[in-house]
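In what follows, a single structure is set out as structure tokens and then discussed.
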């Protein structure tokens, strides 16, 4: 599967005091990054998620203090191909007591590391309090604070990249889990990451990857359960489950599982296949985008063992005008004999005489050349079993 790229940008930090708060000694830091969520191609839109995480944020007493109080996030970008459209609250939901203000600053200055503009997002958590909303806590894993949407210039057909030059974070957090403003503290985020160029193979390439983190097959008697997990998805219509049966070279679609579209949350999928033949089965996923692009996963292999002592199929085709076939599989390695008998009980043809390996399907060809029309039987004899199947020869 294609691997989703994380666009972790340069992070700068400065101390931000919230009015009414007292700066306390603290430890820990906060990281921020910009991650592409979806891409509409030339003349469309580019959506990025602004994500943050905390690194052991503590107040002066050594207590955890990860609740966002307020802050400013600047995302700088080149204006030759992108124009800011809008911002949307995500983790910092307005009903949780936060207010967000998005503004585009187009006057290049020393604050911007490229000749372009930047979107400034002001975060105000003044409505978060012990008697109000609970507040938003940063975790040790990246979570989305908000999203930004950019319009892609219609004349960008010759461009092979869109550049985000810098993302900076000024952040203040509450001193304790109760969001108290009596002795609130501030923390300073340390720089991390670097400049990033978002590249496209060609201007019309709108497919972004699906990050497949696991793909497994689990046997259950004559059935199989396929399980897979994705860390992120973009433009994902779903997965075609493809199956290669024992002794067959061709792949066939066994079913389809719808995808999650575009998401940065972990998704877990499963698909079950019943009544599988004994032997080696192979499975793969054909991940399909909404625009028709697709890519295959790696294959997984599964051994299906025979539950019964043996298995003898019906003869096919039946009736037959010439050569017919029958499928045989045994649970244990052993010597097996297969013969054709007529209605008088006479053995008229030896079909097989040799060793058969356990759980390895065999296709026996029933050569009827020289035999007259009539009713016949194929008799299968093993070390611990014997069985027959009948067929009609119609010349």
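Out of the stretch 296-321, which residues are surrounded by 14 or more Cβ atoms within 10 Å (Cβ to Cβ) and assigned to a loop (DSSP other than H, G, I, E, B)? Those that are surrounded by 14 or more Cβ atoms within 10 Å (Cβ to Cβ) and assigned to a loop (DSSP other than H, G, I, E, B): 297, 299, 306, 309, 313, 315, 318.
Note on the stretch 82-96: residues that are over 19 Å from residue 128 (Cβ atoms) and more than 30 Å from the chain's Cα centre (by Cα) amount to 1. Condition (residue is within 28 Å of residue 306 (Cβ to Cβ), within 49 Å of the chain's Cα centre (by Cα) and without any contact (Cβ under 8 Å) to a residue 60 or more places away in the chain) applied to the stretch 367-378: is it met by at least one residue? No: the stretch 367-378 contains no residue that is within 28 Å of residue 306 (Cβ to Cβ), within 49 Å of the chain's Cα centre (by Cα) and without any contact (Cβ under 8 Å) to a residue 60 or more places away in the chain. Considering the stretch 281-295, and only residues there that are in contact with a strand residue (DSSP E or B) (Cβ under 6 Å, 6 or more places away or on another chain) and either at pLDDT below 90 or assigned to a loop (DSSP other than H, G, I, E, B) (or both), the residue that is nearest to residue 245 (Cα to Cα) turns out to be 295.
Listed by first and then second residue, the pairs with beta-carbon distance under 9 Å, at least 6 apart or on different chains, first residue in the stretch 228-239 and on the phi > 0 side of the Ramachandran plot, second surrounded by 23 or more Cβ atoms within 10 Å (Cβ to Cβ) and not in a strand (DSSP E or B), are 235/210. So which residues in the stretch 330-381 are crowded, with 17+ Cβ neighbours inside 10 Å and part of a loop (DSSP other than H, G, I, E, B), if there are any at all? Those that are crowded, with 17+ Cβ neighbours inside 10 Å and part of a loop (DSSP other than H, G, I, E, B): 331, 359, 361, 368. Note on the stretch 212-261: residues that are surrounded by 13 or more Cβ atoms within 10 Å (Cβ to Cβ) and not in a strand (DSSP E or B) amount to 6.
For the stretch 95-107, enumerate the residues that are touching a strand residue (DSSP E or B) at 6+ places or on another chain (Cβ under 7 Å) and over 15 Å from residue 75 (Cα atoms). Matches in the stretch 95-107: 96, 97, 98, 99. A count restricted to the stretch 125-143 and to residues that are modelled with pLDDT of 80 or more and crowded, with 17+ Cβ neighbours inside 10 Å stands at 3.
Every residue, every condition in (1) surrounded by 21 or more Cβ atoms within 10 Å (Cβ to Cβ); (2) touching a strand residue (DSSP E or B) at 6+ places or on another chain (Cβ under 7 Å); (3) on the phi > 0 side of the Ramachandran plot; (4) at pLDDT 55 or above, yes or no:
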position	(1), (2), (3), (4)
18	no, yes, no, no
28	no, yes, yes, yes
42	no, yes, no, no
50	yes, yes, no, yes
54	yes, yes, no, yes
60	no, no, no, yes
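The values are calculated or read from the model by the stated rules, or taken from the named source; none is laboratory data. Please read these numbers as outputs of a predicted model, since none were measured by experiment. Neighbour counts are summed over all protein chains in view; Cβ atoms, including those assigned to glycine, are modelled from backbone coordinates with ideal geometry.
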